[in-house]
């Protein structure tokens, strides 16, 4: 498997990404990052608001539902994080008793033609992270406008193993729909080192923020990096 630094460095504009990784200390952690090209996309920061981690504007006063949202929240059983308003929707479904897989169903990609950004979400169990369920509401790479909904269950990652979802695949000039998921490796021994690994691999001109989350502690204990 390609290591995370190489994988991200080979994709100059990955958009937003969710990561589930087992560090070399044995902890299963979640990662989330944002990159942006436009001024509006770069005008964002991650903040703890109540018991959630929220993506909001740094200077703008108007709310943009495609750029400002709860990026991480939690139920008693699951840490939930992702790239849009679906994070709150999935969390509400979980609290109503829906299964992890069902909570990720019937979502739609973002209404932002022509890019049609995927909505990517990760659920990480709070019992030590033995199980992760990742979901993506993705556009077709062809002309069809209906949404492809993918759900992936990952169990028992070995130390150094990770699974990554991004919204885009780019060569630095053109942007297309990312591959459904990537299996990769990480070198970090703990959350701080994993965050360093993510941040250093992102294009410095495009990176906006990144965070690493521990499911046992929840969103308010996230460690962060910002541009």
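Structure notes:
- Checked against (1) more than 20 Å from residue 132 (Cα to Cα); (2) outside any strand (DSSP E or B); (3) at pLDDT 95 or above, residue 224 passes all but condition (2).
- Region 170-183, residues that are surrounded by fewer than 17 Cβ atoms within 10 Å (Cβ to Cβ) and either modelled with pLDDT of 95 or more or closer than 14 Å to residue 118 by Cα (or both): 176, 179, 180, 183
- Condition check for residue 47: crowded, with 18+ Cβ neighbours inside 10 Å, modelled with pLDDT under 95 and outside any helix (DSSP H, G or I): no
- Only one of 208, 133, 149 that is closer than 17 Å to residue 78 by Cβ, assigned to a strand (DSSP E or B) and either without any contact (Cβ under 8 Å) to a residue 60 or more places away in the chain or touching a strand residue (DSSP E or B) at 6+ places or on another chain (Cβ under 7 Å) (or both): 133
- Residue check for residue 105: surrounded by fewer than 13 Cβ atoms within 10 Å (Cβ to Cβ), in a loop (DSSP other than H, G, I, E, B) and touching a strand residue (DSSP E or B) at 6+ places or on another chain (Cβ under 9 Å): no
- Filter pass, residue 88 being at pLDDT below 90 and part of a helix (DSSP H, G or I): no
The values are calculated or read from the model by the stated rules, or taken from the named source; none is laboratory data. Computed from a predicted structure; not experimentally measured. Note that each Cβ is placed from the backbone with ideal geometry, even for glycine, and that neighbours are counted across all protein chains shown.
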